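The values are calculated or read from the model by the stated rules, or taken from the named source; none is laboratory data. Since this is a predicted model, take the numbers as computed values, not measurements. All Cβ positions, glycine included, derive from the backbone under ideal geometry; neighbour counts span all protein chains shown. Accessible surface is based on the protein model in full, side chains and every heavy atom, while ligands, DNA and RNA are left aside. Shrake-Rupley method; radii C 1.70, N 1.55, O 1.52, S 1.80 Å.
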Amino acid sequence: MNAVKNLGPQALRQIVLSQLHGLAPEADLSTLRPHDDLRETLEIDSFDFLNLLIALDQEVGVEIPEKEYGKVGTLAGLMDYLLARLPKAT
Amino acid sequence: MAEFRMPSLGADMQSGKLLEWKVAPGTLVKRGQVVAVVGTEKGDIEVEVFEEGLIQNFAVQEGAEVPVGAPLAWIDEGAARPGLPKKEAPPPAAEKTEQRIRVSPLARKLAAELGVDLTQIQGSGPHGAIDKDDIERAAQQTAPPLPAAEGPPGKADFQAGMRRAIALAMTRANRDIPHYYLECRIDMTRALSWLEAENLQRPIQNRLLPAVLLIKAVAKALVKVPQLNGYWTKDALQIAEGIHIGFAIALRQGGLVTPAIHHADLQGADELMTNLHDLILRTRSGRLRSSELTDATITVTHLGDRGVEKVFGVIYPPQVALVGFGKITEEVWVEKGMIGVRPVLHATLAGDHRASDGRTGAEFLESLDQLLQTPEALFAA
């Protein structure tokens with residue numbers, strides 16, 4: 001279990017986008033809308049998706065359980081889920 | 001003196017570019033050692049050697065485009081076993097003699113159709129007789145022009161090469177293999193709850209994906225129904241001893257590769273997951289080993305991530321079967337007169353009707369279903 005990082009929304013967004021870029025280097029992430037299905041839009045498979053969650057656990061310190069996968073399938077859903085588990089910015 | 005030749009890294013390969021020697025003349029090599037890196041239409045492959053001995057000399061230098069079957073180097077096997085007398089390396093180009101050519105009637109007919117010169121072929125049959133397979137190999141090697149070997153291949157070249165490789169293999173499959181197709185619905189309730197419980201106890205980096213269960217179940221079903229695990233060669237089924245599952249991996253730039261997961265029936269859950277992960281990474285970064293590209297005894301294609309419900313696949317020759325998995329979706333399920341909703345997987349089998357009959361295929365799918373109903377036993381020794 002990695003320690004939860006103290007990150008603001010901007011920093012978190014940067015981390016998420018850079019991980020997505022690593023998985024789908026040819027995709028133009030500026031056109032990704034908040035409620036697009038990540039797996040369909042970026043054509044990432046279940047291995048890629050698991051890799052994304054492993055990387056986020058390492059960088060953000062939030063481990064997303066399997067039964068919550070339904071909530072984190074979009075950029076907005078993923079951001080909300082993570083932000084709710086980060087310490088509130090002071 | 002043994003010839004180390006350009007391997008055929010798939011039914012579709014005509015030639016490869018020797019990119020790098022990993023050894024030097026005078027090196028003592030062991031069976032399974034990576035000795036060279038070869039550039040192919042499916043990426044750069046680390047080529048292993050299957051003889052033991054001393055690398056005598058190279059037949060080609062780095063950068064050369066070499067047809068499948070042509071010598072890359074000579075290996076002195078006597079050097080590994082000091083008792084044996086040493087032999088001289090053969091002259092690089094053996095002279096063709098004026099002997100009568102032995103060739104089967106079918107091969108002669110095929111040669112005429114495909115425009116293959118019989119005097120230029122080394123037969124692989126008894127007494128050097130030329131058979132149908134030899135003609136097809138020769139036709140593949142000479143047929144389409146190869147991309148220019150100058151400069152690094154661009155993305156467009158790679159994609160064109162990949163398409164051509166797939167086209168060759170799949171055309172051959174559709175022409176030669178009389179496919180039969182079977183489908184069954186598998187209730188995945190037990191398998192998924194086992195997986196969920198298992199993953200709950202695991203740290204995220206050790207989580208298992210359903211693909212691991214499916215591959216293991218296919219491998220174990222093949223232990224029971226070995227007739228689907230092997231090759232159709234020389235008009236007969238050769239059942240393979242090891243169960244090496246070729247797992248179809250799509251590349252982001254287009255195309256796919258089906259590297260082998262060796263001895264999948266003998267691997268534990270963690271081992272299988274780690275190996276699958278590693279295989280996907282190396283496939284996408286272009287660092288597969290030659291044995292992984294050549295050893296698959298059956299192919300599994302799993303298109304569930306793309307929302308597909310059923311896959312009716314084309315067999316990768318000379319294999320004799322392909323298992324297709326779609327997406328696991330909730331469906332209405334009737335059991336003992338009760339209607340319920342269950343997570344359901346559609347499993348399909350494409351079988352080569354020359355090698356097996358529908359009954360064998362049905363036994364396989366039945367066994368696959370049974371194995372997935374007792375997931376806890378799947379990985380028990």
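Observations, loosely collected:
- If you go through the stretch B:208-242 and keep only what is open to solvent by less than 10 Å² (accessible area, probe 1.4 Å), part of a loop (DSSP other than H, G, I, E, B) and closer than 26 Å to residue B:305 by Cα, you end up with B:208, B:229.
- If the condition is being facing chain B (nearest Cβ under 10 Å) and part of a helix (DSSP H, G or I), then the stretch A:30-51 contributes A:39, A:40, A:46, A:47, A:48, A:49, A:50, A:51.
- Residue pairs whose Cβ atoms lie under 8 Å apart, separated by 6 or more positions or on different chains, with the first residue in the stretch A:52-70 and away from chain B (no Cβ under 11 Å) and the second of a type in the set (Gly, Ala, Ser), are A:61/A:3.
- Residue under evaluation residue A:13, criteria (1) within 14 Å of chain B (Cβ to nearest Cβ); (2) surrounded by fewer than 17 Cβ atoms within 10 Å (Cβ to Cβ); (3) out of contact with any Asp or Glu (no Cβ under 8 Å at 6 or more places or on another chain), criterion not met: (1)
- Taken together, the criteria place residue B:308 among residues that are part of a loop (DSSP other than H, G, I, E, B), open to solvent by 10 Å² or more (accessible area, probe 1.4 Å), within 14 Å of another protein chain (Cβ to nearest Cβ) and among the aliphatic types (A, V, I, L, M).
- Among all residues of the stretch A:20-29, there is at least one that is away from chain B (no Cβ under 11 Å), of a type in the set (A, V, I, L, M, F, W, C) and open to solvent by 20 Å² or more (accessible area, probe 1.4 Å).
- Subset of the stretch B:188-206 [under 19 Å from residue B:275 (Cβ atoms), open to solvent by 10 Å² or more (accessible area, probe 1.4 Å) and free of Cβ contacts under 8 Å to residues at least 60 places away in the same chain]: B:202, B:203, B:205
- The lone criterion from (1) within 14 Å of chain A (Cβ to nearest Cβ); (2) over 30 Å from residue A:26 (Cβ atoms); (3) modelled with pLDDT under 95; (4) surrounded by 16 or more Cβ atoms within 10 Å (Cβ to Cβ) left unmet by residue B:251 is number (2).
- Residue check, residue B:15 modelled with pLDDT of 65 or more and within 15 Å of residue B:290 (Cβ to Cβ): yes
- Checked against (1) part of a loop (DSSP other than H, G, I, E, B); (2) in contact with a strand residue (DSSP E or B) (Cβ under 6 Å, 6 or more places away or on another chain), residue B:254 passes all but condition (2).
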